[in-house]
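The block underneath contains the structure these notes are about, expressed in structure tokens.
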Amino acid sequence: MKIVVINGTEKHGVTYRLKETFLSAFKTEAEITEYYLPKDCPNFCSGCTACFTDGEAACKDRLYIQKVESSILQADLIIFTSPAYVMHASGAMKAFLDHLAYRWMPHRPATEMFGKRAVIITQCVGAGARSAAKDIKHSVSWWGVSYIKVFTAALMKDMVWDNLSENKRNSIEKKICRLAEKTSRINYAKPARTGIVCKIKFMLCRLIQKSVYDKRPESVDCRYWIDQGWLGKNRPWKNKR
Ligand SMILES: Cc1cc2nc3c(=O)[nH]c(=O)nc-3n(C[C@H](O)[C@H](O)[C@H](O)COP(=O)(O)O)c2cc1C
């Protein structure tokens, strides 16, 4: 199986340690590709909207984005990690997610995403890990992924892992090992089931594209929906791989 990890920080700190603990359940059997932000996606989205109107190849940062995205599309399991920064995902993670706005369902979601599985790992000192995970989950669910598991932890008081009490450390590690074990038992040869919420979102976006079709059928997004057969009877969850 293939795993891709999008690390929301380059630091080898607590987030890194939790991610490594999670991955240890997969290390013997999985091919793991890791990206570190901001190194692997160093620029902000400039807001030019060229990806929407002219296609993703028009993005000034296409070389960075295409590389990470191609790994995501090939992966069976996508892992996102981030510490909480001011109650949200790291700025580097947000900048990366902005670059993939064109993959949101109202635009040009990738068929492969509808069968994928994702895990989000976030942590903080006091509060913010949940909202950081929510930032990431929001994008990933709008890319078409239904199977999304979230791990969050609050270290409380001590910012440094080694300063944590043994009890606290053990309880965090136990929790992430449980999730890793559960996730490693999945049969990845079988694509994940597309949930009802995802299907409803897709059908709403289809209505939007149908109305665009009446006015601007040549638009890049509309052309994509026509080519996928989604304005007809085809659906991404029927042809995930
Ligand atoms: C810019 C910045 C903002 C932060 N904001 C929060 C926050 O809102 N809530 C919180 O509990 N911790 C916050 N922290 C603390 C980190 O989330 C915490 O130290 C975390 O364990 C760092 O993970 P790392 O070792 O992987 O870098 C912040 C840290 C930084 C550098």
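Read-outs throughout are calculated quantities, based only on the coordinates presented, and are distinct from any laboratory measurement. Since we're looking at a predicted model, the values are computed, not measured. Positions of Cβ are generated from backbone atoms using ideal geometry, with glycine treated the same way; all protein chains shown enter the neighbour counts.
Only beta bridges with both residues in region 1-103 are counted; by DSSP, about 10 percent of them are antiparallel.
Candidates 161, 177, 32 compared by Cα position along the dipole of region 2-196: farthest toward the positive end lies 177, with charges placed on Cβ. Hey, quick one: spin label on residue 149, modelled 7 Å out along Cα-Cβ, who in region 3-20 has an amide N within reach, i.e. under 20 Å? Only 3-8, 15-20 fall inside the zone, counting backbone N under 20 Å. Only the Cβ atoms of Lys and Arg (+1) and of Asp and Glu (-1) were treated as charged; on that basis the dipole of the chain about its Cα centre amounts to roughly 1020 debye. Within the listed set 128, 55, 144, the residue fluctuating most in the Gaussian network model of the chain (springs between alpha-carbon atoms under 10 angstrom) is 55.
Restricting to bridges with both residues inside the chain, how much of the DSSP beta-bridge set is antiparallel, in percent to the nearest 5?
5 percent
Between residue 216 and residue 49, the FRET efficiency estimated from the beta carbon spacing at R0 = 25 angstrom works out to 0.95.
So what is the relative contact order of the chain, in percent, for Cα pairs below 8 Å that sit 6 or more residues apart? Spell out each step's value before the answer.
Numbers: 396 pairs, mean separation 53.3, N = 241.
Across the chain, relative contact order equals 22 percent.
Within the chain, the longest segment free of exposed loop sites, counting GluC sites (Glu not before Pro) that fall outside DSSP classes H, G, I, E and B and have at most 11 other Cβ atoms within 10 Å, spans 30-217. Label zone of residue 190 (point 7 Å out along Cα→Cβ, amide N under 19 Å): in region 46-82 this covers 76-78. For region 1-156, the residue among 136, 89, 124 whose Cα projects farthest onto the positive side of the dipole built from Cβ charges is 124. Distance between the modelled labels on residue 58 and residue 231, one decimal in nanometres: 1.9 nm (7 Å Cα→Cβ projection). The calculated FRET efficiency for residue 207 paired with residue 101, based on their beta-carbon distance and R0 = 22 Å, is about 0.65.
On the basis of the beta-carbon distance and an R0 of 25 Å, residue 130 and residue 39 show a calculated FRET efficiency of 0.40. Report the gain in length on full extension from residue 181 to residue 167: 0.36 nm times residue separation, minus Cα-Cα distance, nm rounded to one decimal. Gain on extension, residue 181 to residue 167, equals 3.0 nm.
A cut-off of 5 Å between modelled amide H atoms, ignoring neighbours fewer than 5 places along the same chain, links residue 120 with 80, 149, 150, 151. Dipole of the chain computed with +1 at Lys/Arg Cβ and -1 at Asp/Glu Cβ about the Cα centre; of 1, 204, 47, farthest Cα towards the positive end is 204.
Diffusion coefficient (Stokes-Einstein, Kirkwood radius over C-alpha pairs, 25 °C, 0.890 mPa s) for the chain: 131 µm²/s, rounded to a whole number. Of the cross-linked pairs 137/210; 94/137; 19/134; 149/190; 11/39, those separated by over 20 Å at the C-alpha level are 137/210. On full extension, the segment bounded by residue 20 and residue 160 gains 48.8 nm, given 0.36 nm per residue less the C-alpha separation.
May I ask you to list, by number, the DSSP H helices of the chain whose Cα span along the axis is at least 18 Å and whose average Kyte-Doolittle hydropathy reaches -0.5 or more? Span-like helices here: 196-215.
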